[in-house]
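*Asks:* Please read through the structure below; I'll follow up with questions.
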Amino acid sequence: MPGVPKRRLDLWLRPGKKGRQRQMSRFNFWELAKNALSAHENWGRQWRAPEPKGEYDVVIIGAGGHGLATAYYLAKEHGVTNVAVLEKGWLGGGNTGRNTTIVRSNYLWEESEGLYDHAMDLWQNLSQELNYNVMYSARGVMMLAHTIHDVQVFKRHVYANRLAGVQNEWLTAEEAKEYCPPLNISKNMRYPVLGAALQRKAGVARHDAVAWGYARGADKYGVDIIQNCAVTGIRRGADGAVEGVETSRGFIRAKKIGVVAAGHTTTVMDMAGVRMPLESYPLQALVSEPVKPCFPCVVMSNTIHAYMSQSDKGELVIGAGTDQYISYSQTGGLQIPAHTIEAICELFPMFRRMRMLRNWGGTVDVTPDRSPIIGKTPVPGLFVNCGWGTGGFKATPGSGHVFAHTLAKGEPHPINAPFTLDRYRTGRLIDEAAAAAVAH
Amino acid sequence: MLIHCPACGPRSHHEFTYGGDATIVRPAPDDTDIARWQAFVYDRENPRGDHQELWHHVFGCRHWLKVTRNVTTHDISAVELLGPHAKDANAGEAGR
Ligand SMILES: Cc1cc2nc3c(=O)[nH]c(=O)nc-3n(C[C@H](O)[C@H](O)[C@H](O)COP(=O)(O)OP(=O)(O)OC[C@H]3O[C@@H](n4cnc5c(N)ncnc54)[C@H](O)[C@@H]3O)c2cc1C
Ligand SMILES: [Zn+2]
């Protein structure tokens, strides 16, 4: 509308209701059109920045995807809204904002199939659920086999998955190339492609949007998301139960505490005197300059330590392996991505002249059996959701959903019941090490 | 990252294989306490600070070393040779 000053137009569209109402607004076509009239300069903030209250029913430590999803489902499904999510940095700034966003559920054991497929079900309409576009894209994840051992392992996965009703299928090398034309299936590679396991409804989602969508959703229900608030201690009463948390912004009383701190879980659990079977390793990723759409799916290769997809911006998103030593530095050795790039160049010769733009690392919490720990701890009132290691992004909705149940009821949901801390004593491990040696 | 091997001098960590947490103590073979065995097999120090860890100089002298490394800054404050020659070597070299 030429002639109408932008500010005036905005006032006319939203008389006297800055901030509050906008915060509560739903994203839809009408909102989009209205905001287009003011050049998209007046979308309000999507969640509050509240001061911490003195006491909460539940305090969640860590505002990554898992912590925020937990808060969202606590409020939505269990009516527990007096909840704070405490974050030492900015929300989604941990592994959630650093991962390569692969979503799949073709794990080996029944326990894992239950957990990851629960998440897979929730991904299907998460954007509608949250009224926030998480850009879930079921473009298929293909896992390459390069040795006889790989072929046997992947076929075993395919059969196990099918018995459990989880999608997964075996492709020959030629079928794999048909699904992903840039793939090199020539016989004279160092590790030729012998076939692949494909999960068609697997794919990618936008990591930041998942954190933001859950943050916005939880905030709407009244959950306080408190950033720049590091937890420095866990206070326990004479009976051993938790009383609250010491933070960089003072003491906050809490009836229950959920630790969802990924790579920093050991440090936080030490505050309550609980030793953990975890080690924190650097895991790296990198992206190329953006190019036109040329890569249709996600391809992973555990054997030669490389996996790749193309983002909607056009960048090739490439994941590397972990360093061999523990570290909290959020950086890894240069030889790790260099090794990955060599593998990518061999698998996809057409990318040999691509330039890489950025490389970064996260700190991943790895368990001995490469499966997460979700449940109670020996300390009354203290609950933990950790050990997602190199591959927990895909599980974000399911993890939050079952952990919210665990916190609300004080007992695990049937889906996370096997994922106890106690399994390292009883020996009932859920050994996904073969499935997820480097991979996601 | 450079590791100062008491036998070979400063070498890139690429010459070494990482051996993990060096503080783990194996329970006595006749120990029947399951909690101690569980801790030995699974629990790890994983501190956000100084970490005592094992490194094997596979592309060098093939000695095992006990290294104290800050796992946030990667600064190495002590290196000690392990095994049969440890006593002689550690007497001569202060590590670092
Ligand atoms: C490079 C890379 C690639 C990956 N690729 C994939 C992939 O393709 N697919 C997949 O499924 N998974 C992948 N992962 C793993 C995935 O990112 C994680 O498993 C998942 O994001 C963990 O989410 P989270 O919410 O538990 O942790 P985070 O997002 O790390 O959140 C934990 C939060 O806790 C906060 N915190 C820690 N200590 C404290 C404290 N004392 N006080 C307050 N707050 C604290 C941290 O600041 C952080 O924000 C990858 C990880 C990395 C690093
Ligand atoms: Zn040496």
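The values are calculated or read from the model by the stated rules, or taken from the named source; none is laboratory data. Source: prediction; values computed, not measured. Because the Cβ atoms are built from the backbone with ideal geometry, glycine has one as well, and the counts that use them run over all protein chains shown.
*Asks:* Scan the stretch A:331-343 and give yes if some residue there is surrounded by fewer than 18 Cβ atoms within 10 Å (Cβ to Cβ), among the polar types (S, T, N, Q) and either assigned to a loop (DSSP other than H, G, I, E, B) or touching a strand residue (DSSP E or B) at 6+ places or on another chain (Cβ under 9 Å) (or both), otherwise no.
*Replies:* So far as the stretch A:331-343 goes, yes, one or more of its residues are surrounded by fewer than 18 Cβ atoms within 10 Å (Cβ to Cβ), among the polar types (S, T, N, Q) and either assigned to a loop (DSSP other than H, G, I, E, B) or touching a strand residue (DSSP E or B) at 6+ places or on another chain (Cβ under 9 Å) (or both).
*Asks:* Being among the polar types (S, T, N, Q), touching a helix residue (DSSP H, G or I) at 6+ places or on another chain (Cβ under 7 Å) and farther than 17 Å from A:THR303 by Cβ is the filter here, so list the residues in the stretch A:168-192 that pass it.
*Replies:* We begin by selecting, within the stretch A:168-192, every residue among the polar types (S, T, N, Q); these are A:168, A:172, A:184, A:186, A:188.
Narrowing the set further to residues that are touching a helix residue (DSSP H, G or I) at 6+ places or on another chain (Cβ under 7 Å) leaves A:168, A:184.
Matches in the stretch A:168-192: A:ASN168 only.
*Asks:* Additional query: Since A:TRP170 meets every condition but one in (1) within 30 Å of A:ALA272 (Cα to Cα); (2) in contact with a strand residue (DSSP E or B) (Cβ under 8 Å, 6 or more places away or on another chain), which condition does it not meet?
*Replies:* For A:TRP170, the failing item is (1).
*Asks:* If you check B:ARG48 against the conditions, is it within 16 Å of ligand 1 (Cβ to nearest atom), closer than 30 Å to A:THR426 by Cβ and within 14 Å of chain A (Cβ to nearest Cβ)?
*Replies:* On the way: within 16 Å of ligand 1 (Cβ to nearest atom): yes; closer than 30 Å to A:THR426 by Cβ: yes; within 14 Å of chain A (Cβ to nearest Cβ): yes.
The answer is yes for B:ARG48.
*Asks:* Look through the stretch B:31-44, keep the residues that are facing another protein chain (nearest Cβ under 8 Å) and under 18 Å from the mean Cα position of the chain (by Cα), and return whichever of them is farthest from A:ASP422 (Cα to Cα).
*Replies:* B:ARG44
*Asks:* Might you check whether a residue that is in contact with an Asp or Glu (Cβ under 6 Å, 6 or more places away or on another chain) and within 9 Å of ligand 1 (Cβ to nearest atom) occurs anywhere in the stretch A:203-220? Spell out the reasoning first.
*Replies:* Pass one, the stretch A:203-220, residues in contact with an Asp or Glu (Cβ under 6 Å, 6 or more places away or on another chain): none.
No, there is no match, as no residue in the stretch A:203-220 is in contact with an Asp or Glu (Cβ under 6 Å, 6 or more places away or on another chain) and within 9 Å of ligand 1 (Cβ to nearest atom).
*Asks:* Here are some conditions: (1) more than 18 Å from the chain's Cα centre (by Cα); (2) small (Gly, Ala, Ser); (3) under 30 Å from A:ARG190 (Cα atoms). A:GLY381 meets all but one. Which one does it not meet?
*Replies:* The number of the failed condition is (3).
*Asks:* What do you reckon, is A:VAL317 within 20 Å of the chain's Cα centre (by Cα) and within 14 Å of chain B (Cβ to nearest Cβ)?
*Replies:* Judged against the criteria, A:VAL317 is not a match.
*Asks:* Mind listing whichever residues of the stretch A:225-256 are within 20 Å of A:GLU77 (Cβ to Cβ) and in contact with a helix residue (DSSP H, G or I) (Cβ under 9 Å, 6 or more places away or on another chain)?
*Replies:* A:ILE225, A:LYS256, listed by residue number.
*Asks:* Another question, if that's okay. On the given criteria, is B:ALA28 more than 22 Å from A:SER280 (Cβ to Cβ) and either at the interface with chain A (Cβ under 9 Å from one of its Cβ atoms) or modelled with pLDDT under 95 (or both)?
*Replies:* no
*Asks:* Has the stretch A:266-274 got any residue that is away from ligand 1 (no atom under 15 Å from the Cβ), away from chain B (no Cβ under 14 Å), in a loop (DSSP other than H, G, I, E, B) and not polar (S, T, N, Q)?
*Replies:* No; the residues of the stretch A:266-274 include none that is away from ligand 1 (no atom under 15 Å from the Cβ), away from chain B (no Cβ under 14 Å), in a loop (DSSP other than H, G, I, E, B) and not polar (S, T, N, Q).
*Asks:* Any residue in the stretch A:236-258 that is within 14 Å of chain B (Cβ to nearest Cβ) and either in contact (Cβ under 8 Å) with a residue 60 or more places away in the chain or within 16 Å of ligand 2 (Cβ to nearest atom) (or both)?
*Replies:* Within the stretch A:236-258, none of the residues are within 14 Å of chain B (Cβ to nearest Cβ) and either in contact (Cβ under 8 Å) with a residue 60 or more places away in the chain or within 16 Å of ligand 2 (Cβ to nearest atom) (or both).
*Asks:* Same structure again: Looking only at residues that are among the aromatic types (Phe, Trp, Tyr) and out of contact with any strand residue (DSSP E or B) (no Cβ under 6 Å at 6 or more places or on another chain) in the stretch A:383-424, which one is nearest to A:ARG104 (Cα to Cα)? So that I can check it myself, show each step before the final result.
*Replies:* Residues of the stretch A:383-424 among the aromatic types (Phe, Trp, Tyr): A:383, A:388, A:393, A:403, A:419, A:424.
Subset that is out of contact with any strand residue (DSSP E or B) (no Cβ under 6 Å at 6 or more places or on another chain): A:388, A:393, A:424.
Numbers: A:TRP388: 14, A:PHE393: 10, A:TYR424: 26 Å.
The selected residue is A:PHE393.
*Asks:* Among the residues of the stretch A:370-380, write down those that are of a type outside the set (Ser, Thr, Tyr), surrounded by fewer than 24 Cβ atoms within 10 Å (Cβ to Cβ) and part of a loop (DSSP other than H, G, I, E, B).
*Replies:* A:ARG370, A:PRO378, A:VAL379, A:PRO380, listed by residue number.
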